[in-house]
Amino acid sequence: MTLADDAITWFVQNARDLPWRQPDTTAWGVLVSEVMLQQTPVVRVEPHWRSWMTRWPTPADLAADPPAEAIRMWGRLGYPRRAMRLHACAVAMVERHDGQVPSDLDQLLALPGVGTYTGRAVATFAYGQRHPVVDTNVRRVVSRAVEGKPDAGPNTTAADLVAMAELLPDEPARAARASIAFMELGALVCVARSPRCHECPFEEVCAWRLNGSPALEGPSRKPQRYAGTDRQVRGLLLEVLRHATAPVPRQRLDEVWNDDVQRARALAGLVEDGLVEPLGADVFVLAGDAPRVPPQAL
DNA sequence: GAATCGTGGGG
DNA sequence: TCCCCAAGATT
């Protein structure tokens with residue numbers, strides 16, 4: 001039995017019942033789930049995914065609405081640029097792929113917001129192709145079980161893809177099962193802190209365990225502070241704009257943060273990212289939310 | 001390659 | 001409280 005075999009057996013009995021894993025899920029549904037899941041826990045994604053798919057069942061449906069609607073629907077999922085890129089993605093698929101999610105990996109990777117992980121995840125989980133799908137879970141599992149190290153590096157490398165590729169069964173459908181199984185194992189059992197090794201199918205063969213489960217040496221990651229950062233200010237500004245039903249005067253944005261310099265920088269960043277659109281010098285809306293007929297008041 | 005980009009929950 | 005972490009992508 002290989003690691004992949006054991007992982008698949010475990011997965012069959014322990015996999016979560018997630019909506020985007022239903023057999024009738026479209027490639028678009030898979031893509032939406034993968035983008036939403038970038039750096040975001042499953043429990044928070046699930047309701048957003050359901051709402052999103054109900055409102056925009058196909059890429060063409062989303063492309064027909066302005067980005068502002070996507071940003072609103074995104075709510076507080078975090079990293080709202082993902083909503084904008086998903087919208088841009090939908091537009092690109094309508095323009096270049098007849099409204100379909102492409103199955104070719106290079107075409108997937110050319111889409112906005114689709115990188116090494118997401119492109120391979122869609123090609124694999126939506127189209128059943130054989131690619132190494134490497135996310136933070138997979139890297140941790142491989143790092144421990146195969147390499148005997150307590151954790152993986154902070155970023156996915158070409159070597160990580162090669163390492164996972166070597167573990168994949170030959171048959172594409174089974175390779176896809178192996179990838180999702182490794183991911184699920186990392187998410188539920190081989191977790192970052194306090195792994196549940198006694199529930200792990202690799203318990204007897206895990207190189208890290210056989211090494212005595214050594215702890216991490218130094219501080220593995222950089223501190224990830226949030227309070228007081230531009231990110232927090234951007235979040236506060238966007239929160240106001242999301243709930244606005246009319247163009248927002250600068251004065252209302254001034255109320256959410258008292259540091260003028262930082263507030264201005266954060267707002268400029270949102271504009272530069274294309275999330276926010278200035279409507280004149282002192283009025284702002286979400287991208288594409290400009291009224292078709294400018295009010296007299298402006 | 002490092003920095004940046006949200007938000008919320010658990011230990 | 002604070003710190004860590006969560007299916008990454010982009011510049």
* Quick one: helix A:27-36 against the long Cα principal axis of chain A, what's the angle to the nearest 10°, folded into 0 to 90? -> 80
* Structure fact -> For segment A:37-121, the percent of all C-alpha pairs falling in each 5 Å bin, from 0 up to the bin holding the max distance, is 3, 15, 24, 27, 21, 9, 1
* Asked: Out of residues 5 or more away from residue A:18 or on other chains, whose amide H comes under 5 Å of its own, with H placed 1.01 Å from N in the peptide plane?
  -> none
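Relative contact order for chain A using alpha-carbon pairs under 8 Å, separation at least 6, rounded to a whole percent?
On the way: 355 pairs, mean separation 52.8, N = 298.
In percent, rounded to a whole number, it is 18.
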* To do: With only Lys, Arg, Asp and Glu charged, each at its Cβ (+1 for the first two, -1 for the last two), find how big the charge dipole of chain A is about the Cα centre; round to the nearest 20 debye.
  => 660
* Structure fact -> Phi-derived 3J(HN,Hα) across segment A:194-201 with the Karplus relation (6.51, -1.76, 1.60, θ = phi - 60°), rounded Hz, x for Gly and Pro, is 6, x, 9, 4, 6, 9, 8, x
* Structure fact -> The long-range amide H neighbours of residue A:189, using H built 1.01 Å from N in the peptide plane and a cut-off of under 5 Å, are none
* Using alpha-carbon coordinates, inclination of helix A:42-55 to the longest axis of chain A, degrees -> 50
* Structure fact -> For the pair residue A:198 and residue A:262, the simple spin-label estimate (label points 7 Å beyond Cα toward Cβ) gives in nm 4.6
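Placing +1 at every Lys and Arg Cβ and -1 at every Asp and Glu Cβ, with all other atoms neutral, what dipole size does segment A:26-125 have around its Cα centre, in debye to the nearest 20?
On the way: 10 positive and 9 negative charges, 94 e Å.
Computed about the Cα centre, the dipole is about 460 debye.
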* To do: Please list, in chain and number order, the residues 5+ apart from residue A:276 or on another chain whose amide H is under 5 Å from its amide H, with Hs placed from the backbone.
  => A:271, A:287
* Asked: Under a point spin-label approximation (7 Å from Cα along Cα-to-Cβ), what is the residue A:213-residue A:255 distance to one decimal in nm?
  -> 5.2
* To do: Kindly write out, for segment A:90-101 in residue order, the coupling ³J(HN,Hα) from the Karplus curve 6.51 cos²θ - 1.76 cosθ + 1.60 (θ = phi - 60°), rounded to whole Hz, with x marking Gly and Pro.
  => 4, 4, 4, 5, 5, 6, 9, 10, 6, x, 9, 6
* Mean separation of Cα pairs under 8 Å and 6+ residues apart, divided by the residue count of segment A:93-151: what relative contact order is that in percent? -> 18
* Ordered by residue, what ³J(HN,Hα) values in Hz, to whole numbers, does segment A:226-242 give under the Karplus form 6.51 cos²θ - 1.76 cosθ + 1.60, where θ = phi - 60° and Gly and Pro are x? -> 9, 4, x, 8, 4, 4, 5, 5, 4, x, 5, 5, 5, 4, 5, 5, 4
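Out of every Cα pair in segment A:230-286, what percent are spaced more than 17 Å from each other? Show your work: numbers first, answer last.
Working: 365 of 1596 pairs.
Roughly 23 percent, rounded to a whole number.
Report relative contact order for segment A:26-125 in percent, whole number only (criteria: Cα-Cα under 8 Å, sequence separation at least 6).
On the way: 104 pairs, mean separation 30.8, N = 100.
Once divided by the residue count of segment A:26-125, the mean separation gives 31 percent.
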* So what's the angle, to the nearest 10 degrees on a 0 to 90 scale, between helix A:260-272 and the longest Cα principal axis of chain A? -> 70
* Have a look at chain A and give its Rg and Dmax from the Cα atoms, expressed in angstrom. => 21.8, 73
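Kindly provide the helix-only [θ] at 222 nm of chain A, computed as the sum of -39,500 (n - 2.57) over DSSP H runs of four or more divided by all residues, to the nearest 500 deg cm²/dmol? Write down the numbers at each step before the final one.
Working: 15 runs with 151 residues, N = 298.
Value at 222 nm, helices only, nearest 500: -15000 deg cm²/dmol.
Each value in this text was obtained by applying a stated rule to the coordinates, not by laboratory testing. It should be emphasised that the depicted structure is a prediction, and the values quoted were computed from it without experimental measurement. Neighbour counts run over all protein chains shown; Cβ positions are idealised from the backbone, glycine included.
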